[in-house]
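Just below is one structure, and these are the notes that go with it.
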Amino acid sequence: MTASVAKGEGGTGSAFAPLREPTFRKIWTASLFSSFGQTILGVGAAWEMTRLAPHSPSMVALVQSAMMLPLMLVALPAGAAADMFDRRRIALTGLGFSILASATLTLVTFFGFTTPWLLLLFCVLIGGGVAFYSPSWQASIGEQVSEEHLPAAVALGTISYNLARSFGPAIGGLIVLAFGAQAAFAITASFYIPLWLAFFAWQRRHMPSRLPPERIHRAIASGGRYARHSPPIRTVLTRTFMFGIASASSAALAPLVARDLLGGGDKGAGIYGILLGASGIGAVVGALFMGDLRHRFSTETVVRFCTLMTALALITVGLSRNLVLTCIAQFVSGGCNIVSFAMLNVGVQLSAPRWVTARALSLYSSALTGGIAIGAWAWGTVAAYQNVSSAYVASGLAVAATLVLGWLLPLPRGSEDEDTSSVEIGAEPEVGLALTLRSGPIVVEVEYDVDPEVAREFHGTMTQLSKVRKRIGAFDWSISRDIANPAIWIERYHCPTWGDYLRMRDRYTQADLDIQEQADAFSRSGQGRQVRRRLERPYGSVRWKADSPDLYRGTVDFIGP
């Protein structure tokens, strides 16, 4: 994305520009209803747990863990499925499962069969459906809006949830008080339906790959390898996970703040809704200013400031016994949290290539929700052994401690300027064997003829190229130098099958090819590099015709790796 476009995002009215695009507007509007349903579910489940287990803060905190844990466990397989298959159908499947699970929970609660562990189980099931749907929704935003509107569209995605969180908890609290938890669960089921219908009506153009989809375990592994060998994404995931753990007390223990710290007692559902409403309003305000903040300051600067303010807000909540002061702290915490997470989310979307976008976003969601789930359990345990006030103060201090990560793992600069679209790398490789997509392993050797005087510079470039190869599918990468002729260098790597090698060729971005061109520029011949592709275990090619000539010959060309 160009700098001019990035600057334009901060302009007046640009935050709502994506709503001019019909498909996004319909799905975003419907997502607002589902977000209301999700927040009402959280209020109903948390308050129902205070009734079922009134003397167990850890069980109350586990409601948040139960809703978040599936997002960590299911998100990566869901992201892999979203990258391999039709994202619209994946979203419909996840939403349909959540509708069914929440409807069943309504019936169970209505007939009085609910127990603490059964309530947690249904929270896990509903959260699992949302987790299966979420990567498809996030990854498909880029298909529903133009590229210049993508950051604003991502911010609007957070606004839809936080608009609901601003008013949904208060509404949920009133519903629970007036009609009971079963009414909250029924509304959750009904509010998922408009989003299901919006995705059903979306006439998405599914462009199938020229190659069959990977198997699910291979696709998951590919997404993990990409994140592992992509420094920007790896840094974002680490920072998100640690911040999620440290700050989880805000969401997990809010019912106990209303009941114990603010004196709401058993009638504190309304106060609980007000607290979450204050946090949600802060999040909406923060999201509206996100474009301007991205234009004026670096991501690192904004995240550090928001981290400090979140720490102060959590400590304030722990020490306060005044509703107004606690609401102000919740407002600050909600705004700072959403700005930090939205900026990191945009960074992941703009730095991940299309072939792995959903998996990268699912890893981001896993890091965020997994951190919150673990943190919710941890701070709930602290509250059980100490008290709610101590848990909040300790959480605030833990958030402040994550500021150290700003120096140890600084967030990347300028990742939004990289071209992450896949590009063609040349003609198809010459093949003299009868290969299938399952043939393999495939060994690729690339020979470079480099002036020994620039050997150090060449080796540095090849180190960068090794990261490119590894994150798009290469295994056992190595670089070696000829002993007799120091000008000759051999790059070598494996692909498990011929199909994996062809997929790898489809995953190069322009930024990746720029690094390859830097390596080619060292060539003394002016013809580029020589590439040889070999079948490492050619038993199948000779098994049935042992007396015939061996057709296998290493292919030598200058096309591309």
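Lone cysteines in the chain, defined as no other cysteine's Cβ under 4.7 Å from theirs: which are they?
Those would be 123, 327, 495, since no other cysteine Cβ in the chain comes under 4.7 Å of theirs.
For region 442-542, calculate the relative contact order in percent as a whole number, restricting contacts to Cα pairs under 8 Å that are 6 or more residues apart. Display every interim value, and only then the final one.
Details: 136 pairs, mean separation 45.7, N = 101.
So the answer I get is 45 percent.
Scan the chain and hand back the longest stretch that contains none of the GluC sites (Glu not before Pro) lying in DSSP loops with at most 15 other Cβ atoms within 10 Å. Mind showing how you got there, number by number?
On the way: sites that count: 424, 430, 536.
By the stated rule (loop sites, at most 15 other Cβ atoms within 10 Å), 1-423.
In whole Hz and in residue order, list the ³J(HN,Hα) couplings for region 52-65 that follow from phi through the Karplus curve 6.51 cos²θ - 1.76 cosθ + 1.60, θ = phi - 60°; x for Gly and Pro.
Couplings: 6, 9, x, 10, 10, x, 5, 5, 4, 5, 5, 4, 5, 4 Hz.
Kindly provide the helix-only [θ] at 222 nm of the chain, computed as the sum of -39,500 (n - 2.57) over DSSP H runs of four or more divided by all residues, to the nearest 500 deg cm²/dmol? Mind showing how you got there, number by number?
Details: 22 runs with 367 residues, N = 561.
The helix-only estimate for the chain comes to -22000 deg cm²/dmol at 222 nm.
Explain nothing, just the number: relative contact order of region 303-399, from Cα pairs under 8 Å at least 6 residues apart, as a whole percent.
It rounds to 43 percent for region 303-399.
Just checking my list [x] 25.3; [y] 26.0; [z] 30.9 against Kirkwood radius over Cα pairs in Å computed from this structure; which label fits?
Derived directly from the coordinates: [x].
Percent relative contact order of the chain, based on C-alpha pairs within less than 8 angstrom and at least six residues apart? Intermediate results must be reported in sequence, preceding the final value.
Working: 1036 pairs, mean separation 105.5, N = 561.
It rounds to 19 percent for the chain.
Return the sequence-ordered ³J(HN,Hα) values of region 35-51 in whole Hz as given by the Karplus equation 6.51 cos²θ - 1.76 cosθ + 1.60 applied to θ = phi - 60°, using x for Gly and Pro.
Each residue's phi maps through the Karplus curve to give 5, 4, x, 5, 5, 5, 4, x, 5, x, 5, 5, 6, 5, 5, 5, 7 Hz.
How large is ³J(HN,Hα) for each residue in region 221-235, as worked out from phi by the Karplus curve 6.51 cos²θ - 1.76 cosθ + 1.60 (θ = phi - 60°), to whole Hz, x for Gly and Pro?
For region 221-235, the Karplus-derived couplings read 5, 5, x, x, 5, 4, 5, 4, 9, 10, x, x, 5, 4, 5 Hz, x marking Gly and Pro.
If you fit an axis through the alpha-carbon atoms of helix 357-385 and take the longest principal axis of the Cα set of the chain, what angle between them do you get, 0 to 90°, nearest 10?
40 degrees
Might you report the magnitude of the Cβ-based charge dipole of the chain about its Cα centre, with Lys and Arg at +1 and Asp and Glu at -1, to the nearest 20 debye? Write down the numbers at each step before the final one.
Numbers: 47 positive and 39 negative charges, 236 e Å.
Roughly 1140 debye, rounded to the nearest 20.
Read-outs: derived from the displayed coordinates by stated rules, not from any lab. Values in this document were obtained by computation on a predicted structure and should not be read as measured data. Cβ: placed from backbone, ideal geometry, glycine included. Neighbour counts: every protein chain shown.
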